[in-house]
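The values are calculated or read from the model by the stated rules, or taken from the named source; none is laboratory data. This structure is a prediction, so every number in the text was calculated from the model and none was measured. We place every Cβ from the backbone using ideal geometry, glycine too, and count neighbours over all the protein chains shown. Surface areas here come from the heavy atoms of the whole protein model, side chains and all, with no ligands, DNA or RNA. Shrake-Rupley method; radii C 1.70, N 1.55, O 1.52, S 1.80 Å.
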Amino acid sequence: MSDSPGADNGLDLYVIAQQQFERALSWIDDLKAGLIDYLVTPKRTVHVRFPIHMDDDSVRTFHGFRVLHNTARGPGKGGIRYHPDVTEHEVAALAALMTWKTALMDLPFGGAKGGVVCNPKALSRAELRRITRRFVIELGDAIGPHTDIPAPDVYTNEQTMAWIFDTFDAFHKGQNNRAVVTGKPLRLGGSLGRDSATGRGCLNATQRFLTHGIAHGLDGLAGAKVAIQGLGNVGANSMKLFHEAGATIVCVSDSQGGVADDGGLDPGEVMAHKAEHGSVVGLPETRTITNEDLLAWDCDILIPAALECQVRDDNAADVKAKLVVEAANAPITPEADEILQERGVTVLPDIVANGGGVVVSYFEWVQNLQNQQWPLDEVETRLQAKMQAATDAIVERWKQIRDDNDRKGSRSPTLRDAALVEAIRRMSDVILQRDIWM
Ligand code: NAD
């Protein structure tokens, strides 16, 4: 990914996460105050600084951190990002998001996230390898198959995960260490289907959601007009899979701009043009559009699949889609959420819509612990079941709190409120059943 837009827009992900959490708490009146503090703050943050020998013979000191938000349901799970603007605050917010996501997906994990402040675009492969290895050595037993399990995130990939596994393995001889990290290359214990998991999960959740008949006037994907922002892992897979499911992809974009064709784009042609020219812009027989145009496009479903804070108070009123599916993390600000709700636009929130990635990461972890490799169709069938169960759970929760509210005459909840209420409830049940306090 090319950017850290929350910071660019002066929007702070940590503040947004707190606002969303507090809003959800207005539908929960029986949580002890101390428990709320425990749920909202990270359990542990590890900071490390380490020197690296650069290719030009200089030495530079790097700063990395790993935030473990909560482990009540199991070991921490979450990506590691390499980015010049990454901050502890941003990573803490994303770690909390992972706690809610793993609870909603009903996985035996807690939430975590990590980062190293660096600019991967200005580093050689050898420098990135040395940074990764030293970072893992410094983290020591802060990560491990049963403590905290990293995965790829912004500007880290399966090669980074291979280095993490190899370094951890070198310091923990004589045990099966594959489950220390997910998103690995296939031959190092990666799972079939991990690459497309987030896009596929997004499709599964959307299809299931539409069967509930609560997305104003939308009852299926056949012929539905879809706009997708971002064509990386999540956006490109979503484009292909929504197209195969019968939707018409009317416009797509990347960091250079976008293209539109109301008659429908061909995903194969879009990706071939992007591979050849570095961007979708210029695809023959399409209109060139901006990212702002895309967000305001006349479509049924808008899928932001790129960056945080894309739909804000200054452009939410322009959104014409009936349903926004949050494939990216936190693409809608709290102010925009309220505007969309007032205008009757439904939002399928990130902690459900993009949960497919962590679900298949969990499958990878299980396969690693059991020294197995599941066939692709088994991975996809199990993923679909998880996505459907999570979608049904938030719709049920939404109906319950909406009906309670109707009785009380207060404001109606969004699906994000319902998803967070459901996740917080699941977390507090586990904490109460474990009798976690001393
Ligand atoms: P990626 O780096 O593969 O792709 C990001 C895409 O966004 C690129 O195509 C880039 O060109 C595009 N982009 C950058 N700036 C843009 C702009 N201003 N306008 C339009 N497009 C722009 O990243 P990804 O893995 O696909 O992740 C995308 C989002 O999904 C992130 O929010 C990420 O946290 C979230 N997510 C990813 C996964 C996963 O499994 N990869 C899982 C859950 C959530």
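What to note about this one:
- Segment 15-26 residues that are on the phi < 0 side of the Ramachandran plot, paired with ones that are of a type in the set (Gly, Ala, Ser) and open to solvent by 30 Å² or more (accessible area, probe 1.4 Å) (beta carbon under 9 Å, 6 or more apart): Ser26/Ser410
- Residue ID - nearest to the ligand (Cβ to nearest atom), chosen from residues in segment 135-162 that are under 30 Å from Ala305 (Cβ atoms) and of a type in the set (D, E, K, R): Asp153
- So Leu203, is it modelled with pLDDT of 95 or more, buried (at least 21 other Cβ atoms within 10 Å of the Cβ) and part of a loop (DSSP other than H, G, I, E, B): no
One line per residue, one yes/no per condition, for (1) open to solvent by less than 10 Å² (accessible area, probe 1.4 Å); (2) more than 24 Å from Arg208 (Cβ to Cβ):
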| site | (1), (2) |
| --- | --- |
| Ala272 | no, yes |
| Arg287 | no, yes |
| Cys309 | yes, yes |
| Asp313 | no, yes |
| Ala316 | yes, yes |
| Ala327 | yes, no |
| Pro331 | yes, no |
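- Only one of Thr211, Thr198 that is within 16 Å of the ligand (Cβ to nearest atom) and either under 28 Å from Gly235 (Cβ atoms) or at pLDDT below 95 (or both): Thr198
- Any hit, segment 163-173, residues being within 16 Å of the ligand (Cβ to nearest atom) and part of a loop (DSSP other than H, G, I, E, B): no
- With respect to the stated conditions, Thr156 fails to be hydroxyl-bearing (Ser, Thr, Tyr), in a helix (DSSP H, G or I) and either touching a strand residue (DSSP E or B) at 6+ places or on another chain (Cβ under 8 Å) or surrounded by fewer than 20 Cβ atoms within 10 Å (Cβ to Cβ) (or both).
- Given (1) at pLDDT 95 or above; (2) within 15 Å of the ligand (Cβ to nearest atom); (3) open to solvent by 10 Å² or more (accessible area, probe 1.4 Å); (4) of a type in the set (S, T, N, Q), number of the condition Thr248 does not satisfy: (2)
- Residue selected from segment 255-301 under the condition free of Cβ contacts under 8 Å to residues at least 60 places away in the same chain and β-branched (Val, Ile, Thr), by the criterion farthest from the ligand (Cβ to nearest atom): Thr286
- Residues in segment 221-235 that are basic (Lys, Arg) and crowded, with 23+ Cβ neighbours inside 10 Å: none.
- Some residue of segment 316-325 being part of a loop (DSSP other than H, G, I, E, B) and either under 29 Å from Asn157 (Cα atoms) or within 14 Å of the ligand (Cβ to nearest atom) (or both): no
- Counting the residues of segment 109-119 that are in contact (Cβ under 8 Å) with a residue 40 or more places away in the chain and either of a type in the set (Gly, Ala, Ser) or open to solvent by 40 Å² or more (accessible area, probe 1.4 Å) (or both) gives 6.
- Enumeration of residues in segment 265-282 that are part of a loop (DSSP other than H, G, I, E, B) and either in contact with a helix residue (DSSP H, G or I) (Cβ under 8 Å, 6 or more places away or on another chain) or on the phi < 0 side of the Ramachandran plot (or both): Leu265, Asp266, Ser279, Val280, Val281, Gly282
- Residue in segment 54-63 that is in contact with an Asp or Glu (Cβ under 9 Å, 6 or more places away or on another chain) and open to solvent by less than 10 Å² (accessible area, probe 1.4 Å) present: no
For (1) of a type in the set (A, V, I, L, M, F, W, C); (2) farther than 24 Å from Ala327 by Cβ, each residue gets a yes or a no:
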{"residue": "Arg125", "(1), (2)": "no, yes"}
{"residue": "Arg130", "(1), (2)": "no, yes"}
{"residue": "Val136", "(1), (2)": "yes, yes"}
{"residue": "Thr160", "(1), (2)": "no, no"}
{"residue": "Ala170", "(1), (2)": "yes, yes"}
{"residue": "Gly189", "(1), (2)": "no, yes"}
{"residue": "Gly199", "(1), (2)": "no, no"}
{"residue": "Ala215", "(1), (2)": "yes, no"}
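For every residue, the table says whether it meets (1) assigned to a loop (DSSP other than H, G, I, E, B); (2) more than 16 Å from the ligand (Cβ to nearest atom).
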site	(1), (2)
Ala327	yes, no
Tyr362	no, no
Thr381	no, yes
Arg397	no, yes
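- Those residues of segment 209-244 which are in contact with a Ser or Thr (Cβ under 9 Å, 6 or more places away or on another chain), assigned to a loop (DSSP other than H, G, I, E, B) and closer than 26 Å to Val281 by Cβ, in sequence order: Ala224, Gly230, Leu231
- In segment 120-150, residue nearest to His47 (Cα to Cα) [restricted to those that are open to solvent by less than 10 Å² (accessible area, probe 1.4 Å) and not in a helix (DSSP H, G or I)]: Ile143
- For segment 127-155, the set of residues classified as more than 17 Å from Val67 (Cα to Cα) and touching a residue at least 40 places away in the same chain (Cβ under 8 Å) consists of Glu127, Leu128, Arg130, Ile131, Arg134, Tyr155, listed by residue number.
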